[in-house]
Structure formats: structure tokens, C-alpha cells
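Participant: Structure incoming, see below.
Every read-out reported here was derived from the displayed coordinates using simple, explicitly stated rules and does not represent laboratory data. What you see is a predicted model, and the numbers here were worked out from it, not measured in a lab. Backbone-built Cβ (ideal geometry, glycine too); neighbour counts: all protein chains shown.
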Amino acid sequence: MKTVFLIVGESGCGKTTICNILQKKYEYKLAKSSTTRAQRYEGESSYNFVTLEEYHKACDEGRALAPTIFDNNYYFITRDMLYNSDLYVVDKAGVEYLKNKIKDIKFTAIYISVDEATRRQRMLERGDSLVKIENRINNDREAFKGVKYDYIVENIHLEQCIAEVLKIMESI
């Protein structure tokens, strides 16, 4: 059975950074969500950017898996994207959806843990506004309550975090 590792955590915890390193250095394949949001910067490639019409078409055709909305933008993944990937950055609702609804793929959820002050600093460094940071912090406090994950890895030292994630992935 195909295994996909779900990388989960609050904004600014390092999910995308971790996955990019695993992809570049260790050749793991990273699934990209599709989203209706605008690119944060020219050439951003961490998502498949789609129109609202394309999102609705994917939903109507049953291709949009783990659909979610954040900040008035829609996000989703397709089965083909998952089958051709090893890693997927996803939110809590996406973990629950995939684990409960998709039975032909094994999902292992790895939660990346970081304290709030570090997350705030990282979001500032990537150029998020103070208002956006506070909105994300407040949203995450509620969104991540009572979540169960298969593994929890702390991301204070990036190299150590990646080593721990690799150890988990290689053991499965």
C-alpha cells in the first residue's frame, strides 16, 4: 500500500522548509496543494495556483480531496498528486479527512512542534504582516486543539528535526 507522510503544524513551524530539504537532499517527492489564493511573491512554486472556477470544477468532478478554506482561499489535493508523492503539507482538517476517507493510501501524520514566539519570529522573517501573524496564531490555537498525530517532532534545531523526521520515515 502506498504511504504518504502528512507534515502538519501551526503557521511558522517550518513544515515547508522541512519538506523542501527532504525533497532536495533526500529525493522524497512533495505533493503540492492546489489553491485559489494569490502568489505571495512572483515565481512562488509551493502550490498549484488555480482559479475559483477550476476549484469548483475539481469539486464537482470529485477530484478535490481534503478541501479546506483559509483566509477566504480554497485549498485541495487530488488523488493523483498523492499517489505520486511521499510528503504532503496539510492542516488538521486535511489529516482527519485523508485518514478517514481515503482507504487505499496509508497516511502517517508527523506534527512539527514549535513554541509560539519562534513561530512569530519566523513569520516576521518571511515577511508576514503583524495583523496576518496574529490572525494565524489565533486561528491555530483553536484549529489544533485536541488533534492526534502519529508522531510529534520539535523543530528548534532544523538539522535535528530533519534527522528525526527521516528516522520516522525510514522506519515505516
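Participant: For the stretch 68-166, calculate the relative contact order in percent as a whole number, restricting contacts to Cα pairs under 8 Å that are 6 or more residues apart.
Facilitator: 29 percent
Participant: Right, another one. Which of the lysines could a cross-linker span from Lys106 if the Cα-Cα distance has to be under 28 Å and same-chain partners fewer than 8 positions apart are dropped?
Facilitator: Hits, sequence-local ones excluded: Lys2, Lys15, Lys24, Lys25, Lys29, Lys32, Lys57, Lys92, Lys145, Lys148, Lys167.
Participant: Ranked highest first by the average count of other Cβ atoms within 10 Å around their residues, in what order do 70-76, 123-129 fall?
Facilitator: 70-76, 123-129
Participant: Can I ask one more? What does the convex hull of the alpha-carbon atoms of the stretch 43-153 project to on average, in nm²?
Facilitator: Details: hull surface 33.2 nm².
Across all orientations, the stretch 43-153 yields a mean hull projection of 8.3 nm².
Participant: When we measure straight from the Cα of Lys132, which aspartates and glutamates land under 17 angstrom away, once same-chain ones fewer than 8 places off are left out?
Facilitator: Partners found: Glu10, Asp71, Glu116, Asp140, Glu142.
Participant: Applying the Karplus parametrisation 6.51 cos²θ - 1.76 cosθ + 1.60 with θ = phi - 60° to the phi angles of the stretch 33-50, what ³J(HN,Hα) value in whole Hz is obtained for each residue in order, glycine and proline being reported as x?
Facilitator: Once θ is set to phi - 60°, the couplings for the stretch 33-50 become 5, 9, 8, 8, 6, 6, 5, 6, 8, 4, x, 4, 10, 7, 9, 8, 8, 10 Hz.
Participant: Length gain on complete extension for the stretch Asn72 to Glu134, per 0.36 nm per residue less the alpha carbon to alpha carbon distance?
Facilitator: Values: separation 62, 0.36 × 62 = 22.32 nm, distance 1.65 nm.
Length gained, Asn72 through Glu134: 20.7 nm.
Participant: Taking a ≥ b ≥ c as the square roots of the eigenvalues of the Cα gyration tensor of the stretch 35-95, is the shape rounded (a/c under 1.5), prolate (a/b larger than b/c) or oblate?
Facilitator: rounded
Participant: Could you pull out every residue, at least 5 positions away or on a different chain, whose amide H is within less than 5 Å of the one on Lys29? Hs are placed 1.01 Å off N in the peptide plane, and Pro or chain starts have none.
Facilitator: Under 5 Å from the amide H of Lys29: Asp86, Leu87.
Participant: Please check which bits of the stretch 1-45 a label hung off Ala143 would reach, taking the label as a point 7 Å along Cα-to-C-beta and the cut-off as backbone N under 12 Å.
Facilitator: 8-13
Participant: Relative contact order for the chain: what percent, with Cα pairs under 8 Å and sequence separation of 6 or more?
Facilitator: This gives 32 percent for the chain.
Participant: What FRET efficiency do you get for Asp150 and Lys29 if R0 is 25 Å and r is their Cβ-Cβ distance, rounded to the nearest 0.05?
Facilitator: On the way: r = 20 Å, r/R0 = 0.78.
Efficiency computed from Cβ-Cβ geometry: 0.80.
Participant: For the chain, with a Gaussian network of springs between Cα atoms less than 10 Å apart, report the residue from Thr108, Thr68, Thr118 with the top mean-square fluctuation.
Facilitator: Fluctuation is largest for Thr118.
Participant: Right, next: What nm value, rounded to one decimal, do you get for the distance between Ser46 and Lys101 when each label is placed 7 Å out toward the C-beta?
Facilitator: 2.4 nm
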